[in-house]
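Please read the structure below before turning to the comments.
The values are calculated or read from the model by the stated rules, or taken from the named source; none is laboratory data. Given the structure is predicted, the values throughout are model-derived calculations rather than measurements. Every residue, glycine among them, receives a Cβ derived from its backbone with ideal geometry; neighbour counts consider all protein chains shown. Just the protein is used for accessible areas: all its heavy atoms, side chains included, with ligands, DNA and RNA removed. Shrake-Rupley method; radii C 1.70, N 1.55, O 1.52, S 1.80 Å.
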Amino acid sequence: MIPLEKAYFCVNCEHIVKYEKGEKVCPVCGSVVIFPLSKWLNREDNKEERYKRENKGGIKLDFSWTEYFLLLARVIASRSKCVKRNVGCVIVKDRRILATGYVGGFEGEIDCSRKGYCIYRKEFNGDVKYCKAIHAEMNALLQCAKLGISLEGAEMYCTLEPCSNCLVHIIQAGIKTVYYEKLYNDTSRETEDVRKYILKRKKESGKGDFKLIHYPLKPEVLKMAQLIFTPDFLQKIKTE
């Protein structure tokens, strides 16, 4: 439940929102017409009942299922051990989470985050064959293989577009749809032509449909998520 002293009422969309510091902007509609709820309740007593009703059980945010799983992928990405980029993914079937994955080395390895620098760049002069990071998607797939979980017809939600190597394994595992938030733009190692070729070959195979969908999260969704996924919360996940 939002403490009354931090609760604000938006005149534009009539949502009750949490406010800490900074610009008083409604995270739902972006309006700047918000007032401290305590003062608003004094003006209109009927808002008090709504406050109690909407805040019963905690902050209530309205996300679609796709947004929900992509936001979870963001949280999982905070566990990444790569110092170059954080990537996370979630594998789902019938809206049930089967596995999660983030970038990291094999079990027991002293990873880049523990050393504080990119190992293959600093210790091997940037020779990429010495990079032992396992991509988030592969970690999730390997977890399912280890536990004997079937992925036929499942969906994958990623913070980053899968590379061509991961994409082949994702298709072979039986996953039918991949939603990703950000484009893979490392053109030094990957090209869009490779992914297009893989998707073309998959379509020509006639062995079922596969969809790769770019789904950027909207600013208003990210604003709402910040009410829950605070920097302190994400840091705690990363370090524990």
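Just a few scattered comments:
- Qualifying position, being among the hydrophobic types (A, V, I, L, M, F, W, C), in contact with a Gly (Cβ under 7 Å, 6 or more places away or on another chain) and at pLDDT below 95, among ILE134, ILE171: ILE134
- Pairing each residue of region 155-173 that is within 12 Å of TYR102 (Cα to Cα) with any residue that is among the charged types (D, E, K, R) and in a helix (DSSP H, G or I), provided the two are 6+ apart or on different chains, yields C-beta distances under 6 Å for THR159/ARG74.
- Of the residues making up region 206-240, those that are modelled with pLDDT of 80 or more, surrounded by fewer than 16 Cβ atoms within 10 Å (Cβ to Cβ) and more than 13 Å from PHE63 (Cβ to Cβ) are ASP209, LYS211, ILE213, HIS214, PRO216, PRO219.
- Within region 178-194, considering residues that are open to solvent by less than 90 Å² (accessible area, probe 1.4 Å) and at pLDDT 75 or above, the one nearest to LEU222 (Cα to Cα): GLU181
- If you go through region 73-104 and keep only what is farther than 19 Å from ILE170 by Cα, buried (at least 18 other Cβ atoms within 10 Å of the Cβ) and modelled with pLDDT of 75 or more, you end up with ARG74, VAL75, SER78, ARG79, SER80, LYS81, ASN86.
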